[in-house]
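The values are calculated or read from the model by the stated rules, or taken from the named source; none is laboratory data. None of the values given here were measured: they were computed from a predicted structure. Cβ placement follows ideal geometry from the backbone for every residue including glycine, while neighbour counts extend to all protein chains displayed. Only protein heavy atoms, including side chains, enter the accessible area calculation; ligands, DNA and RNA are left aside. Shrake-Rupley method; radii C 1.70, N 1.55, O 1.52, S 1.80 Å.
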Amino acid sequence: LDAAQVRLVSTLKQCGADLGALSISTDANTGVRGLFVTSATDPSTRIALNVPIALALSDDPGEFEDTAFGKAVPPTLWLRLPIDSRLALRLLAEKERGADSFWADFIALLPTQLVCARHLSNKCLSTARSEFVTEQALLARQYVVDVHQQICELADQHGAPVYTLEELGWALDVVHTRSFTVDVGPERGVRRYLVPYVDMLNHDENLGFGFSYNEEQETFQVRRLDDVPLQPGEQIYLDYGSETSEELLLMYGFVPAEPSACDVVRLRGAYAEADVMLVGGDSPFDKHKAALLETNRYAPPRSFELSPSSFDPAVVCALRLALLTPAELAEGCGGDWGRAIAFAPVSDANELRVANALRSRLEAELDVGELGESAGLGCDETDAALRGAVQLRLNRKRLVEQLIARIDRFLDAPKGVNLLDAMAFEISVMMI
């Protein structure tokens, strides 16, 4: 690998790449490879990496046409394949060429095993306790099987190379975890690229580097977003984008040590059955209320997302309706049912019931079994995904605790306060 790395760096530089003061190394604490600073840099130097587009492996139809698969199968058929599978087939074709491939050293540095959605074990999924993660992981497992069957059928019909499920799965894993989807101008359009060297960057949403394409220079660039000087031995990171902890576990097999800025708590249904039972009955009033709750789709399977930065107001509005009493409808709403689901409180008593009901609902989400703040993080160090599943639950717990703390502040506040104001929701991007 060291020899391949030296050759790769030499080839990239000879072909016009500017790798700056960066080199591939391994983090002593995590054992994960990344890009590290080799010498102190001028803070005014904005571009840390500059790699010409010609040095990247892409799903470009013109280049795919030159592969054995592209030559054997008519373009009208292989163009129907998913874009990620075309890039995966291109990667496999280059791998087959061995030392004759321009990307031989780049391919030699690729991991032989990658952690992503389809590799999450059943133990990992049960540990994560996330319906979303489980659903997406099962879909990912089936996706590789379906794509492999589609490719094999084309290969059998037209005499194209046949790859095993394991080979295709590996190539798709590489594409899913290490490629960039980029709009590279009106002529090429949106393409998917494996960019040597840049693909070594690990993720951190809080450290100032971004990825972009310079259409004028036709280069992929990693740019500094701050003026903090870089010191020798320091690892630089790329923000992979607006991803939740669940999405990071699915796509890359890791979860950050703190909740992502995009993390949310998902509630199935805006209210619990117990909330309706609290003031419910069989009167015409109760039946009309139940019909309104159903009409507004406040019940499962609809889900609602809550976070400290983006709180779905529909949850509070639904609870105001669910916990409404006949007296509150007459006095606080003037007989207007629509007033019950407006953004303003119905009454202090109703708003208090809503806050306590939501708090109880969130407390139920705090269930992390026997996991403490550090329990499970000392599990088998080789199972990064399992450690990620444990961290996912801890992140969700911290997020719920932040939401409960805001409700508690509301409960301690004087009467007349709107719970939505206390939760600091963003009405501009929410729909009731």
### Net length gained if the chain between S242 and D66 were fully extended (0.36 nm per residue, minus Cα distance)
59.8 nm
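What whole-number volume per residue, in cubic angstrom, does the convex hull of the C-alpha atoms of region 1-252 give?
Values: hull volume 35.5 nm³, N = 252.
Output value, Cα hull per residue: 141 Å³.
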### Query
Taking the Cα centre of region 1-252 as origin and charging only Cβ (+1 Lys, Arg; -1 Asp, Glu), how large is the dipole, in debye to the nearest 20?
400
### Task
Please state the charge dipole magnitude for the chain, taken about the Cα centre, from unit charges on C-beta atoms (+1 on K and R, -1 on D and E), reported in debye and rounded to the nearest 20.
460
## Note on the structure
The rounded separation in angstrom of the Cα centers of region 308-368 and region 1-77 is 54
### Task
Sequence neighbours fewer than 8 away in the same chain don't count; with that in mind, list the aspartates and glutamates whose C-alpha is under 17 Å from K71.
D59, D60, E63, E94, E96, E153, D156
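Just order 249-260, 282-293 by mean Cβ neighbour count inside 10 Å, highest at the front, would you?
Values: 249-260: 20.9, 282-293: 14.1.
For the peptides 249-260, 282-293, the packing ranking is 249-260, 282-293.
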### Message
Using a Debye calculation, one point per C-alpha and no hydration shell, please list log10 I(q)/I(0) for region 223-301 at q = 0.11, 0.12, 0.21 Å⁻¹ in order.
### Response
-0.58, -0.62, -1.01
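In what sequence, highest mean first, do 131-139, 80-88 appear when ranked by Cβ atoms within 10 angstrom? Before the final figure, lay out the partial values.
On the way: 131-139: 16.7, 80-88: 19.6.
The most tightly packed comes first, giving 80-88, 131-139.
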## Note on the structure
Counting only backbone N atoms under 14 Å from a point 7 Å out along Cα-to-Cβ of E131, the residues of region 242-268 in range are 265-268
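Over the Cα atoms of the chain, what is the Rg over Rh ratio if Rh follows Kirkwood? Please report the intermediate quantities before stating the final value.
Working: Rg = 26.6 Å, Rh = 25.1 Å.
We get a ratio of 1.06 for the chain.
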### Query
Given a cut-off of under 8 Å on Cα pairs at least six residues apart, what relative contact order in percent is computed for the chain?
17
### Query
Rounded to the nearest 20 Debye, what is the dipole magnitude of region 224-309 about its Cα centre when Lys and Arg each give +1 and Asp and Glu each give -1 at the C-beta?
500
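Over the chain, give the accessible area per residue in Å² for a 1.4 Å probe, as an integer. Display every interim value, and only then the final one.
Working: 20520 Å² over 432 residues.
So the chain comes to 48 Å² accessible per residue, rounded to a whole number.
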## Note on the structure
Descending packing, highest mean Cβ count within 10 Å first, for 388-400, 46-58 is 388-400, 46-58
### Message
What are the equivalent ellipsoid semi-axes of region 265-423, built from the alpha-carbon gyration tensor (square roots of five times its eigenvalues), in whole angstrom, biggest first?
### Response
35, 17, 12
#### Entry: Inverse of mean 1/r across different Cα pairs in region 6-103, Kirkwood, Å
16.2
## Note on the structure
Carbon and sulfur atoms account, in whole percent of the 1.4 Å probe accessible area of region 1-252, for 50
### Task
Tell me what the chain gives for mean residue ellipticity at 222 nm when only DSSP H runs of n ≥ 4 count, each as -39,500 (n - 2.57), the sum divided by the residue total, rounded to 500 deg cm²/dmol.
-13500 deg cm²/dmol
### Task
Round to a whole angstrom and tell me the spacing of the C-alpha centers of region 145-193 and region 225-266.
27
